[in-house]
1. Which net charge results when you count Lys and Arg as +1 and Asp and Glu as -1 among the other residues whose beta-carbon is under 12 Å from that of Ser18?
2. Angle between the Cα long axis of helix 13-25 and the longest principal axis of the chain, 0 to 90 degrees, nearest 10?
3. Which net charge results for the neighbourhood of Asp32, defined as the other residues with beta-carbon distances under 13 angstrom from its beta-carbon, given Lys and Arg at +1 and Asp and Glu at -1?
4. Can you compute the modelled spin-label distance between Asn14 and Val56, with each label point 7 Å from Cα toward Cβ, in nm?
5. Measure off, as a whole percent, the carbon and sulfur share of the 1.4 Å-probe accessible area of the chain, all protein chains present.
6. Treat the chain as a sphere of radius equal to its Kirkwood radius over Cα pairs and apply Stokes-Einstein at 25 °C in a medium of 0.890 mPa s; give the translational diffusion coefficient in µm²/s, rounded to a whole number.
7. Expressed as an acute angle from 0 to 90° and rounded to the nearest 10, what is the orientation of the C-alpha long axis of helix 44-58 relative to the principal long axis of the chain?
8. Count the lysine pairs in the chain that are 8 or more places apart or on different chains: how many have C-alpha atoms under 24 angstrom apart?
Amino acid sequence: MSLVHIGADHRGINLKKSISEFLRESGYQVIDQGFNEYDRQDDYSEIAIKLAEKVVGDKVKGILLCVKIQKM
């Protein structure tokens, strides 16, 4: 089973949940590094560093989501 670490900023939480579910159904072990609740004050760089350290340390794949909502 392949291991994947995943993390997202506050706007990417729902997308992260969907991707995590898809990966689990596809046979991956998914480790969620956060964020897990909407907080406009969260620090994207904090989650990016945490996820990168896990990916490098475990020598595995990682997915980092930063979602920007654009008004049309």
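The values are calculated or read from the model by the stated rules, or taken from the named source; none is laboratory data. If you're wondering where the values come from, they're calculated on a predicted model, not measured in any experiment. Glycine also receives a Cβ, built like all others from the backbone with ideal geometry; neighbour counts cover every protein chain displayed. Just so you know, the surface numbers come from the protein's heavy atoms only, side chains and all, with ligands and any DNA or RNA stripped out. Shrake-Rupley method; radii C 1.70, N 1.55, O 1.52, S 1.80 Å.
1. Numbers: positive: Lys16, Lys17, Arg24; negative: Glu21, Glu25.
Local charge sum for Ser18: +1.
2. Taking Cα atoms only, the helix is inclined about 20 degrees.
3. On the way: positive: Lys16, Lys17, Arg24, Lys50, Lys54; negative: Glu21, Glu37.
With Lys, Arg at +1 and Asp, Glu at -1, the net is +3.
4. 3.4 nm
5. On the way: 2680 of 5220 Å².
On the chain, the fraction of accessible area on carbon and sulfur atoms equals 51 percent.
6. 197 µm²/s
7. For 44-58 against the chain, the angle is about 10 degrees.
8. The result is 15.
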